[in-house]
Amino acid sequence: MTEPVNLELAQLARLDFDDADGGGALPPGGAEAGAAGEPGTAALDAAVLAASSHLGLPTQDTIGRAKAQAFFRENLRHGSEAELKDEDLIFDVTEGSVSARANSVLPTTMMRAFQRNSLTVGAASTVRKGQG
């Protein structure tokens, strides 16, 4: 269990707290500010777009998944440890969509003062086929 957060100290460190996430702290600008381990939304977008070309085809669960993984890895920032798990890539033929989620655990430095050694960040993306 973590100790209560000293908000005055956090303001001095210019950290923003999200109480809905149990008091996680992010630098100004949030996770998008450039953590090397964050699951980039561009990588996830590329993955679902690549997979969507196989939606509803017999190859969706083989080639579609392989393409998603390849595009995800290729578009991650150098040094990122984010991963796209197979169970987090969902093909929905009825809705005409492909969706995915990815998470990464980032080590913290200043947050260790608050007994918070890591921070989990995530991204989600969905592609839906259009009309026509």
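The values are calculated or read from the model by the stated rules, or taken from the named source; none is laboratory data. All values reported here derive from a predicted model rather than from experimental measurement. Please note: Cβ atoms are built from the backbone with ideal geometry, for glycine as well, and neighbour counts cover all protein chains shown.
Overview of values
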quantity	calculated
So E83, is it among the acidic types (D, E) and in contact with a strand residue (DSSP E or B) (Cβ under 7 Å, 6 or more places away or on another chain)	yes
Every pair of residues 6+ apart whose Cβ atoms lie under 7 Å, when the first sits in the stretch 55-73 and is touching a residue at least 12 places away in the same chain (Cβ under 8 Å) and under 10 Å from F91 (Cβ atoms) while the second is of a type in the set (F, W, Y) and surrounded by 14 or more Cβ atoms within 10 Å (Cβ to Cβ)	L55/F91; Q60/F91; G64/F91
Scan of the stretch 109-132 for residues that are closer than 24 Å to D88 by Cβ and of a type in the set (V, I, T), ordered by number	T120, V121, T126, V127
Any chance T94 is without any contact (Cβ under 8 Å) to a residue 12 or more places away in the chain and under 16 Å from A51 (Cα atoms)	yes
G56 of a type outside the set (A, V, I, L, M) and at pLDDT below 80	no
Cβ pairs under 9 Å, 6+ apart, first in the stretch 99-127 and of a type in the set (K, R), second part of a strand (DSSP E or B)	R101/L89; R101/I90; R101/G122; R101/A123; R101/A124; R101/S125; R116/G24; R116/A25
Odd one out for A35, checked against (1) at pLDDT below 85; (2) surrounded by fewer than 18 Cβ atoms within 10 Å (Cβ to Cβ); (3) out of contact with any Pro (no Cβ under 7 Å at 6 or more places or on another chain); (4) more than 17 Å from V127 (Cβ to Cβ)	(2)
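The rows are residues; the columns are (1) modelled with pLDDT of 90 or more; (2) more than 11 Å from L44 (Cα to Cα).
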{"residue": "S99", "(1), (2)": "yes, no"}
{"residue": "N103", "(1), (2)": "no, no"}
{"residue": "T108", "(1), (2)": "no, yes"}
{"residue": "G122", "(1), (2)": "no, no"}
{"residue": "V127", "(1), (2)": "yes, no"}
